[in-house]
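Engineer: Dumping the structure here so I can ask a few things about it.
The values are calculated or read from the model by the stated rules, or taken from the named source; none is laboratory data. Fair warning: this is a prediction, and the values are worked out from it, not measured in the lab. When we count neighbours, we look across all protein chains shown, and the Cβ atoms used for this are built from the backbone with ideal geometry, even at glycine.
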Amino acid sequence: MWDVLTGECLHTLQGDTDWVNSLTFSPDGKILACAGFDLIIKVWDVSLGKLIKTLEGHIYEICSLAFSPDGKMLASGSDDETIKLWNIATGKCVHTFEGHLNRVHTVAFSSDGNMLASGSRDLTVRLWDINSKECIHILEGHINSIRSVAFSPDGKTLGSYSMDETTKLWDIKTGKCLKTLERDRPYENMNITGVTGLTEVEKSTLKALGAVEDN
């Protein structure tokens, strides 16, 4: 952990035995959670740099973490296709959300803590009611893996970003897609096959902006 003002390293947190995929601070900044390929969520006291809890239960790598707004709960999404909800005080898993058909890349709580969103490689976003533990909406429309989800501050809209290079905005109440945001692709379908003088980097950039090249 680093002091952003001085650039000084405050603590080196050791204990993970494989890659770390995700880390997140609690809302009050006192706790840091991290997890990854070793299947274990580690919960650290930030001021002391001390490991205070380990949370175990996932059977494949952990991809994403999110604290509830009150800092009492932690959600974890995994390659085992589940989302687990953990009580930070006890270190116990209080519920496992099931339904996704592939890895869960991203999780996020609503600002009031009553809903949890999850995005998966199965191309869906799911909305879960934290109190009833029920899935209240399955949001479909992306054509590639969903990598990030986020609630609007008023909790009425959810944003989802996908590897299909679009961001979709969803109405939380109805589950309907309100808008699809796409980046500009000024070279859409421009064929650059046989064009000379382009470096591989330049070709990659043009393709990202819509250009195509025949194999």
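Engineer: For Glu182, indicate whether it is more than 18 Å from Ala75 (Cβ to Cβ) and of a type outside the set (A, V, I, L, M, F, W, C).
Structural biologist: So Glu182 fits the description; yes.
Engineer: Of the residues that sit in region 89-139 and are under 19 Å from Asp70 (Cβ atoms) and of a type in the set (S, T, N, Q), which one is farthest from the chain's Cα centre (by Cα)?
Structural biologist: Thr90
Engineer: Which pairs do you get when a residue that is outside the structural domain of Met163 (by the TED database) and surrounded by fewer than 10 Cβ atoms within 10 Å (Cβ to Cβ), found in region 181-197, comes within reach of a residue that is small (Gly, Ala, Ser) and in a loop (DSSP other than H, G, I, E, B), reach meaning Cβ atoms under 6 angstrom, with the pair 6+ apart or on two chains?
Structural biologist: The qualifying pairs do not exist here.
For (1) modelled with pLDDT of 95 or more; (2) assigned by the TED database to the domain that holds Ile130; (3) surrounded by fewer than 17 Cβ atoms within 10 Å (Cβ to Cβ), each residue gets a yes or a no:
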residue	(1), (2), (3)
Leu10	no, no, yes
Gly36	no, yes, no
Thr54	yes, yes, yes
Glu61	yes, yes, no
Met73	yes, yes, no
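Here is a yes/no grid of residues against (1) surrounded by 15 or more Cβ atoms within 10 Å (Cβ to Cβ); (2) touching a Lys or Arg at 6+ places or on another chain (Cβ under 7 Å):
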{"site": "His105", "(1), (2)": "yes, yes"}
{"site": "Ser145", "(1), (2)": "yes, yes"}
{"site": "Met163", "(1), (2)": "no, yes"}
{"site": "Thr174", "(1), (2)": "no, no"}
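Engineer: Any residue in region 133-151 that is among the hydroxyl-bearing types (Ser, Thr, Tyr) and touching a residue at least 24 places away in the same chain (Cβ under 8 Å)? Spell out how you get there, then give the answer.
Structural biologist: If we filter region 133-151 for residues that are among the hydroxyl-bearing types (Ser, Thr, Tyr), which is where we start, we get 145, 148.
Narrowing the set further to residues that are touching a residue at least 24 places away in the same chain (Cβ under 8 Å) leaves 145, 148.
So far as region 133-151 goes, yes, one or more of its residues are among the hydroxyl-bearing types (Ser, Thr, Tyr) and touching a residue at least 24 places away in the same chain (Cβ under 8 Å).
Engineer: Looking for whichever is touching a residue at least 24 places away in the same chain (Cβ under 8 Å), farther than 21 Å from Trp128 by Cβ and among the β-branched types (Val, Ile, Thr) here; the options are Val20, Val46, Val4. Which one fits?
Structural biologist: Exactly one residue qualifies, and that residue is Val46.
Engineer: Next question. Residues that are among the acidic types (Asp, Glu): find the strands (runs of 3 or more DSSP E) completely inside region 36-107 holding 1 or more of those.
Structural biologist: Answer list for region 36-107: 40-45, 50-56, 92-98.
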